[in-house]
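The values are calculated or read from the model by the stated rules, or taken from the named source; none is laboratory data. Please read all numbers here as calculations on a predicted model, not as lab measurements. Cβ sites come from the backbone with ideal geometry, for glycine too, and all protein chains shown count toward neighbours.
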Amino acid sequence: MTSILVLNGPNLNLLGTRQPEIYGHTTLADVEEMCRVHGAKRGVDVVCKQSNHEGELVTWIHQARGVHDGIVFNAGAYTHTSVALMDAIKGTDAKVVELHISNVHAREAFRHHSYISPVAVGVMAGFGTRGYTLAIDALLGHLEG
Ligand code: CA2
């Protein structure tokens, strides 16, 4: 069975509780349930994790090797800063889709650079929390070739 890890980085545990004008009203628990249900409809196992700690995200990416076929990854602000996450992705065989709820390219200049994009198979940004299920489908399409 195909297995996908939906991985969320720092502050995304606050989803739906603050800054709804940018990130919407859907909570992280809602997003994770939506992803699991979406995966079940497609016969795919979806595992969801969130951490505020860079090292924990690195470890989970290492552990994905041979376990998950792909990762939908919203690295939050670490997207724009983390060489460690980029290196971790290079070291895994899981295919990564980078995801952002907001359109990072329509925001501040410091959000325009990503350390994840060069090592991802593709990027989803600006479609709100609906982007997570779109990213799962994009990843499945990529994995099917
Ligand atoms: O648009 C995205 O998904 C981001 O990855 C979200 C990050 C931001 O630093 C990236 O530039 C773009 C921030 C996540 C913070 O999430 C919150 C959600 C609700 C309330 C407060 C923060």
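I'd like to check something: does region 63-70 contain any residue that is more than 16 Å from the ligand (Cβ to nearest atom), basic (Lys, Arg) and at pLDDT 95 or above? So far as region 63-70 goes, yes, one or more of its residues are more than 16 Å from the ligand (Cβ to nearest atom), basic (Lys, Arg) and at pLDDT 95 or above.
The criterion of being crowded, with 18+ Cβ neighbours inside 10 Å and within 13 Å of the ligand (Cβ to nearest atom) does not hold for Val46. Within the option set Thr59, Thr79, being assigned to a helix (DSSP H, G or I), near the ligand (Cβ under 10 Å from one of its atoms) and β-branched (Val, Ile, Thr) holds for one residue only, Thr79. Taking residues in region 112-127 that are surrounded by 14 or more Cβ atoms within 10 Å (Cβ to Cβ), and partners anywhere that are polar (S, T, N, Q) and not in a loop (DSSP other than H, G, I, E, B), the pairs with Cβ atoms closer than 6 Å and at least 6 places apart or on different chains are Ser114/Thr79; Ile116/Thr79; Val123/Ser117.
Suppose we filter Pro10, Pro20 for residues that are within 9 Å of the ligand (Cβ to nearest atom) and loosely packed, with under 15 Cβ neighbours inside 10 Å; which single one remains? Step by step, each of Pro10, Pro20 is checked, and only Pro20 is within 9 Å of the ligand (Cβ to nearest atom) and loosely packed, with under 15 Cβ neighbours inside 10 Å. Within this structure, Glu32 passes the test of being closer than 23 Å to Ser102 by Cα, charged (D, E, K, R), touching a Cys at 6+ places or on another chain (Cβ under 6 Å) and surrounded by 15 or more Cβ atoms within 10 Å (Cβ to Cβ).
Picking from residues in region 83-94 that are within 13 Å of Leu7 (Cβ to Cβ) and not in a helix (DSSP H, G or I), the one that is nearest to the chain's Cα centre (by Cα) is Ala94. Within the option set Gly39, Gly66, Gly43, being in a helix (DSSP H, G or I), in contact (Cβ under 8 Å) with a residue 24 or more places away in the chain and of a type in the set (Gly, Ala, Ser) holds for one residue only, Gly39. Residues that are part of a helix (DSSP H, G or I) and within 16 Å of the ligand (Cβ to nearest atom) within region 23-36 comprise Tyr23, Leu28, Ala29, Asp30, Val31, Glu32, Met34, Cys35, listed in sequence order.
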